[in-house]
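> Below is a structure I'd like to ask you about.
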Amino acid sequence: MTMPSYRNLINGEMRDALDGHWRDTINPALGQPHGRAAESSVGDVDLAVRSALDAFTEWSAAPAAYRAACLRRLADLIDENGERLSRLESIDQGKTLRQALEIEIPRAASNFRFFAGAVEHVSGEMHSMGNAALNYTLRRPRGVVGCISPWNLPLYLFTWKIAPALATGNTVVGKPSEITPATASILGELSIEAGFPRGVLNIVHGCGDPVGRRLVEHPDVGTITFTGGTSTGAAISATAGPMFKRLSLELGGKNPVIICEDADLDRAMPQIMRSSFSNQGEICLCGSRILVHRSRMKEFTDRFVEMTRGLKVGDPLDPETDIGAMVSKEHLESVANYIRLAREEGGVIACGGGRPTHLPEHCRDGSFLEPTVILGLPQECRTNQEEIFGPVVSVQGFDTNVEAVERANGVPYGLACSLWTNDLTRAHRMASRIDSGIVWINCWMVRDLRTPFGGWKHSGVGREGGEEALKFFTEATNVCVALEDG
Ligand code: NAD
């Protein structure tokens, strides 16, 4: 059986890489290739940027309603191809088919629909100076935008960047992760079917270096939106900063989940299971440090460990599976190293920590890990400070609200926090003191696309989502009109 080939989209055509090179794409549940993707080089990026530049004048001048209609057609096609895309996302990344079908692929479609609506309904800014003058603000698209995305939620995060960039009148060169290229390539094909003008959306597959690096260095790409690891974000900043590019960085996390003394555990437990282990813990917003009021410690850990032991790890395509495969053997090894480190640091592995024993036969070469709960580690140790990005959660105790906030804030990251309490005053007070882009109270992963999204500290720079995205992808000119002579 011939394996599918995932090609670049350049100037409205699906193309092989100029050098004719390919890279195998691996199904991490089987440990076997399931396709191959174009292995591009600097020349492919340069061609894609050229085509985006050529398309910019017409696309940026088109009425918002025209651009919105293109985005909506693409959203409809994503919905029509939902099952195919979900299956491919699961095979490419290791996530459960259920996660892709119910959450991620529908969300990719809603990214396009949301920003189509946003640009049709956005209003402008005007600042009156009474009889003296009137100011109004023009917002114009910035040109060619480079959209660089990671492997954990491939199509969901790729479209989170592409949709607002296109809706506001920019043209795009997108670079999906080389580890999960499949659905981005299908998106390219669907954009042709949706009737996007040539060159408006371009997609180039390949490695961070050279493809991502060239996109960041290219003098004709003035805007970069990046989601990925903090160290990659630092490298991109070092290049883009001196070139005065506009940069949005959505980076790593080490997110706290705070369980106060009055938390309703019946309500909290199912959500905390999700926040800990959804997508094998490979979501930047997953809670990896659970901080529990000491009066509830035993009750919480008993319930949490029991529920964790009950999770089914296995074939991602099986509807009964809770936890699929880790994205790659390399990433599995990195997460396993953190579990070894936790033991060396004196942590107690309350459950998990190894390879599951009851995997189906066809998954025996896959990258699987048991969901793991670690107890007894101090705040300062590496296990509690560094991003692990897997199904691994560490539980710590606290005595006061002040201590809980100090612990929540006491890491280099500040992306997301989830706080469980029935005391309204305490909830608002603590939320206002936590250094985090999002604080969820009595919930997790409730996302409204209108809200600002981004991180504090090493979790990122800038905000996207809603109006923040409309501003990020446009350049403002204040026009000041004198109303009086002299
Ligand atoms: P990564 O940084 O290794 O790669 C991300 C993307 O950057 C890939 O497309 C990669 O090819 C590209 N890249 C690598 N080097 C580059 C360079 N020098 N110049 C330009 N591009 C380059 O990240 P990853 O391992 O794919 O993803 C996991 C990380 O992403 C985790 O740290 C996770 O927390 C983070 N993440 C953050 C968010 C958020 O919204 N804050 C969301 C999802 C994932």
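> How high is the relative contact order of segment 255-449, in percent, with contacts defined as C-alpha pairs under 8 Å that are six or more residues apart? Write out the running numbers ahead of the final one.
On the way: 355 pairs, mean separation 56.8, N = 195.
Relative contact order, segment 255-449: 29 percent.
> Also, I was wondering about something else. So how do 394-403, 245-254 stack up, highest first, on mean other-Cβ count within 10 Å? Don't jump to the answer; show the numbers that get you there.
Details: 394-403: 17.8, 245-254: 23.1.
My ranking of the peptides, most packed first, is 245-254, 394-403.
> For segment 398-414 and segment 140-176, what is the centre-to-centre distance using only Cα atoms, to the nearest Å?
Segment 398-414 and segment 140-176 have Cα centres spaced 34 Å from each other.
> Give me the percent of DSSP beta bridges within the chain that run antiparallel, rounded to the nearest 5. Could you put the intermediate results ahead of the total?
On the way: 30 of 72 bridges.
That works out to approximately 40 percent antiparallel.
> May I ask you to give the percent of accessible area on the chain that is carbon plus sulfur, with a probe radius of 1.4 Å?
On the way: 10240 of 19480 Å².
Whole-percent figure for carbon plus sulfur exposure: 53.
> Can you tell me the 0 to 90 degree angle between the C-alpha axis of helix 154-167 and the longest principal axis of the chain, rounded to 10?
The helix 154-167 is inclined about 30 degrees to the chain.
> Apply 1/(1 + (r/R0)^6) to the Cβ-Cβ distance of ASP19 and TYR136, taking R0 = 60 Å, and write down the FRET efficiency to the nearest 0.05. Don't skip to the end; give the middle numbers.
Numbers: r = 49 Å, r/R0 = 0.82.
That pair, ASP19 with TYR136, gives E of 0.75.
> Using per-residue counts of other Cβ atoms within 10 Å, averaged over each peptide, order 374-384, 353-363 from highest down.
Details: 374-384: 17.3, 353-363: 13.2.
My ranking of the peptides, most packed first, is 374-384, 353-363.
> Please report, to one decimal in angstroms, the Kirkwood hydrodynamic radius of segment 84-168 built from all distinct Cα-Cα pairs.
On the way: mean 1/r = 0.0652 Å⁻¹.
Taking the inverse mean of 1/r over all distinct Cα pairs, segment 84-168 comes out at 15.3 Å.
> Turning to a different aspect of this structure: Roughly what % antiparallel, to the nearest 5, for the DSSP beta bridges in segment 255-449?
Values: 3 of 25 bridges.
Here the antiparallel bridges make up roughly 10 percent for segment 255-449.
> What number, in percent, do you get for the relative contact order of the chain if the mean sequence gap of Cα pairs under 8 Å and at least 6 apart is divided by its residue count? Mind showing how you got there, number by number?
Numbers: 1113 pairs, mean separation 90.9, N = 486.
That works out to 19 percent.
> Right, here's the next one. Can you give the % of DSSP beta bridges in segment 214-317 that are antiparallel, to the nearest 5? Please list the in-between numbers first.
Details: 0 of 10 bridges.
Here the antiparallel bridges make up roughly 0 percent for segment 214-317.
> Cross-link partners among aspartates and glutamates for LYS457, C-alpha distance below 14 Å, same-chain residues fewer than 8 apart left out?
Of all the aspartates and glutamates, those that pass the test against LYS457 - Cα under 14 Å, at least 8 places apart if same chain - are GLU250, GLU386, GLU387, ASP435.
> Can you give the accessible area per residue of segment 174-249, in Å², using a 1.4 Å probe?
Value for segment 174-249: 32 Å² per residue.
> For segment 366-473, what is the accessible area per residue in Å², given a 1.4 Å probe and the full set of protein chains?
Numbers: 4150 Å² over 108 residues.
Result: 38 Å² of accessible area for each residue.
> Right, next: For segment 1-122, what is Rg from Cα atoms divided by 2.2 N^0.38 Å, rounded to two decimals?
Details: Rg = 17.2 Å, N = 122, 2.2 N^0.38 = 13.7 Å.
For segment 1-122, the normalised Cα radius of gyration comes out at 1.26.
> Another one. Relative to the longest principal axis of the chain, what angle (0 to 90°, nearest 10) does the C-alpha long axis of helix 64-80 take?
40 degrees
> Can you give the three extents of the C-alpha atoms in the chain along their principal axes, from longest to shortest, in whole Å?
Here the Cα extents, ordered largest to smallest, are 73, 68, 39 Å.
> Distance between the C-alpha centers of segment 422-486 and segment 257-318? Whole Å please.
27 Å
> Right, something else. Any chance you could give the angle, 0 to 90 degrees and rounded to 10, that helix 297-309 forms with the longest Cα principal axis of the chain?
Orientation of helix 297-309: about 70 degrees from the principal axis.
> Now a separate question. Please pull out the direction-averaged projected area of segment 358-462, using the convex hull of its alpha-carbon atoms, in nm² to one decimal place. Could the numbers behind the result be given before it?
Details: hull surface 38.7 nm².
Computed as one quarter of the Cα hull surface, the answer is 9.7 nm².
> Where the convex hull is taken over the Cα atoms of segment 255-449, what is its projected area averaged over directions, in nm²? It would help to have the intermediate numbers written out before the result.
Values: hull surface 43.7 nm².
Quarter of the Cα hull surface area: 10.9 nm².
The values are calculated or read from the model by the stated rules, or taken from the named source; none is laboratory data. Quick caveat, the model's predicted, so the values are computed rather than measured. As a convention, Cβ positions derive from the backbone with ideal geometry for all residues, glycine included, and neighbour counts pool all protein chains shown. Side chains are part of the model used for accessible areas, which takes the heavy atoms of the whole protein and leaves out ligands, DNA and RNA. Shrake-Rupley method; radii C 1.70, N 1.55, O 1.52, S 1.80 Å.
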